[in-house]
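The values are calculated or read from the model by the stated rules, or taken from the named source; none is laboratory data. Please read these numbers as outputs of a predicted model, since none were measured by experiment. Note that we place each Cβ from the backbone using ideal geometry, even for glycine, and neighbour counts take in every protein chain shown. Just the protein is used for accessible areas: all its heavy atoms, side chains included, with ligands, DNA and RNA removed. Shrake-Rupley method; radii C 1.70, N 1.55, O 1.52, S 1.80 Å.
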Amino acid sequence: MPSWAPLTAEQLAEQRRGLSEAQLQDRKIVNVNAETVTDVSATDIPGHWGQGQDDSWDLERFRQVLDIKFYQNKPHDAAFSLIGVDASIANAFRRILIAEIPTLAIEDIFVFDNTSIIQDEVLAHRLGLIPLTGGKEGLDRMSWFKKPPPKDDYAAQALYDQDDLAPSASAPNDHNTVVMSLKVECRWATTNEDGRDGKALALDGETDPSVRYVNSNVYAHQLVFEPQGDQTDWFAGDDAIRPMNPDILIAKLRPGQRINLRCHCIKGIGGDHAKFSPVATASYRLLPHINIISPILGNEAKKFQRCFPRGVIDLVPDEESGENKAIVADPMKDTVSRECLRHEEFKGKVKLGRIRDHFIWGVESTGQFESDELFLDSVRLLKAKAEKFKRHLTKVEEGG
């Protein structure tokens with residue numbers, strides 16, 4: 001057989017010094033008991049099972065086991081399984097998704113006029129949390145903006161002076177800063193401009209502010225992108241910088257109140273501020289494992305089915321007894337509530353657990369990038385980190 005041919009399950013088991021596939025699978029189960037959880041830690045560590053067991057990491061075996069299965073792949077909501085990796089790797093992807101993928105967000109706001117009831121600080125906070133989107137190629141071209149520390153923070157100033165950055169990194173320009181403006185004023189609706197007389201409608205008993213006034217609500221779509229320099233090419237047409245959701249409410253105004261401000265948007269990461277995080281949620285859970293040891297039949301099968309969320313357990317006819325038998329239909333829908341372990345009739349008939357290397361992911365994007373693309377970016381970032389660490393090790397070995 002050629003060396004590139006995929007190994008069968010039996011051949012993989014043989015590599016593990018005679019262990020069967022079932023034995024190997026049992027070692028991947030985190031046992032969930034009535035009151036405890038056992039076998040939590042991974043055991044595929046060299047030397048864990050003694051000298052007779054070869055648990056050294058093998059690239060070919062890793063390639064055989066690694067698998068990704070998508071269940072839902074919407075632009076802003078993805079659900080998939082990542083199989084065959086350690087919890088440390090899965091958690092590294094999660095942390096990178098939340099805190100290390102750069103996005104664009106509002107950083108500095110210059111308020112020229114704000115007569116609304118919302119204070120400048122609260123208004124700035126609301127604006128900063130609005131997810132922005134635009135052309136991905138242009139966002140990739142943008143460079144980092146290095147914000148200088150306060151002049152009275154001498155420690156931060158000393159570290160800042162040591163950074164090897166171009167002088168332009170601390171000055172806003174078309175390569176590191178996106179400018180957006182918001183200029184809106186609330187007034188009474190008039191017949192000449194709006195086709196209705198707001199004051200007359202108010203006298204007739206109209207109470208809806210959107211009918212009586214114009215610009216009574218300030219929404220995210222009223223933010224205007226002002227391209228600078230090369231940005232006219234980077235963010236042209238449909239690639240223009242804009243709020244992901246145009247209907248995010250920013251403020252409420254009444255006649256005579258106005259807001260006039262300018263925003264500077266920069267690239268950042270979620271580790272600096274949550275507004276830069278590209279995901280609303282990025283989480284995973286282990287695949288539930290339900291092992292029915294002995295048949296559960298008849299009325300007990302119906303009761304057993306009710307112990308789980310709908311769709312987890314199915315009832316099928318049993319040829320030997322002529323009664324319905326409980327089988328596992330879809331363990332992914334289970335929440336591992338352990339309800340079945342509370343009943344005496346099921347003791348010794350079922351074992352619950354989770355599969356240690358099967359992670360069910362849910363990634364919900366805030367809109368700047370698609371969810372599946374974000375996960376691929378997290379893989380690229382982890383790879384870059386590993387390569388950087390490898391270069392440092394090489395320098396240490398060489399005495400550099």
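Details
- Euclidean distance of C-alpha centroids, the stretch 272-300 and the stretch 109-148, integer Å: 36
- Angle between the chain longest axis and helix 87-99 axis [Cα atoms, degrees, rounded to 10]: 10
- Per the chain, cysteines lacking a partner by the 4.7 Å Cβ criterion: CYS186, CYS263, CYS265
- Estimated translational diffusion coefficient (Stokes-Einstein, Kirkwood radius over Cα pairs, 20 °C, 1.002 mPa s) of the chain: 80 µm² per second.
- All distinct Cα pairs of the stretch 184-300 go into the 1/r average, and the inverse of that average, the Kirkwood radius, is 19.7 Å.
- Contact order relative to length of the stretch 59-196, as percent, for alpha carbon pairs under 8 angstrom and 6 or more apart: 13
- Percent RCO, i.e. relative contact order, over the stretch 198-303, from Cα pairs under 8 Å lying at least 6 residues apart: 21
- Amide H within-cut-off set for ARG356, under 5 Å, with H built and near neighbours excluded: ILE29, VAL30
- The C-alpha atoms of the chain define a longest principal axis, and helix 371-397 lies at about 80 degrees to it.
- Value of relative contact order over the stretch 142-269, rounded to a whole percent, pairs C-alpha under 8 Å and six or more apart: 34
- Entries in LYS69/LYS388; LYS302/LYS333; LYS146/LYS395; LYS275/LYS333; LYS147/LYS267; LYS303/LYS351 that, when Cα-Cα distance is taken, lie over 21 Å: LYS69/LYS388; LYS146/LYS395; LYS275/LYS333
- A Stokes-Einstein calculation at 37 °C with viscosity 0.692 mPa s, built on the Kirkwood radius of the stretch 215-268 over Cα pairs, returns a diffusion coefficient of 252 µm²/s.
- In the context of the full protein assembly, ILE98 retains an accessible surface of approximately 60 Å², using a probe radius of 1.4 Å and ignoring ligands and nucleic acids.
- Shape call, the stretch 99-152: gyration tensor on alpha carbons, a/c limit 1.5: oblate
- Carbon plus sulfur fraction of accessible area for the chain, probe 1.4 Å, in percent: 51
- Averaged over its residues, the stretch 87-154 has an accessible area of 55 Å² per residue, based on protein heavy atoms and a 1.4 Å probe.
- Spatially proximal aspartates and glutamates relative to LYS385 (Cα-Cα < 12 Å; intrachain offsets below 8 disregarded): GLU100
- Ordering SER365, SER216, THR394 by the projection of their Cα atoms onto the charge dipole of the chain, which places +1 on the Cβ of Lys and Arg and -1 on the Cβ of Asp and Glu, puts SER216 at the extreme positive end.
- Once the 1.4 Å probe is applied to the protein heavy atoms, the stretch 308-399 comes out at 61 Å² accessible per residue.
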